[in-house]
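Each value in this text was obtained by applying a stated rule to the coordinates, not by laboratory testing. Model, not experiment: these values are computed from the prediction. Don't worry about glycine lacking a Cβ; one is built from the backbone with ideal geometry, like all the others, and counts go over all protein chains shown.
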Amino acid sequence: MAFINAFTERAPNYVCENAYQIASAFSKFYHDNHILSEADSDKQFFWIYLCAATKKVLLKHLDVLGIEAVESM
């Protein structure tokens, strides 16, 4: 929905706000869950997949905004 609103209203702030919401939610998830030390291997696999999917989504947001992502900080 953020991309549609950004396009129809010519307001890229919708994409920025959506990216911020996703990054904030992921940060809380990452803080609250110890992914690499998770005993349940199925849960750990899903969490790693979720991390990769979140990265992909955020990279798409940056690409749409014309921002080049850094590899690491």
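Check region 36-52 and report whether any residue there is part of a helix (DSSP H, G or I), small (Gly, Ala, Ser) and more than 16 Å from the chain's Cα centre (by Cα). Among the residues of region 36-52, at least one is part of a helix (DSSP H, G or I), small (Gly, Ala, Ser) and more than 16 Å from the chain's Cα centre (by Cα), which makes the answer yes. Condition (residue is out of contact with any strand residue (DSSP E or B) (no Cβ under 9 Å at 6 or more places or on another chain) and not in a helix (DSSP H, G or I)) applied to region 11-28: is it met by at least one residue? Yes, the conditions are met somewhere in region 11-28.
Pairs are defined by a Cβ separation below 6 Å, a sequence spacing of at least 6 or placement on different chains, a first member in region 47-67 that is without any contact (Cβ under 8 Å) to a residue 12 or more places away in the chain, and a second member that is exposed (fewer than 13 other Cβ atoms within 10 Å of the Cβ) and among the β-branched types (Val, Ile, Thr); no pair meets this definition.
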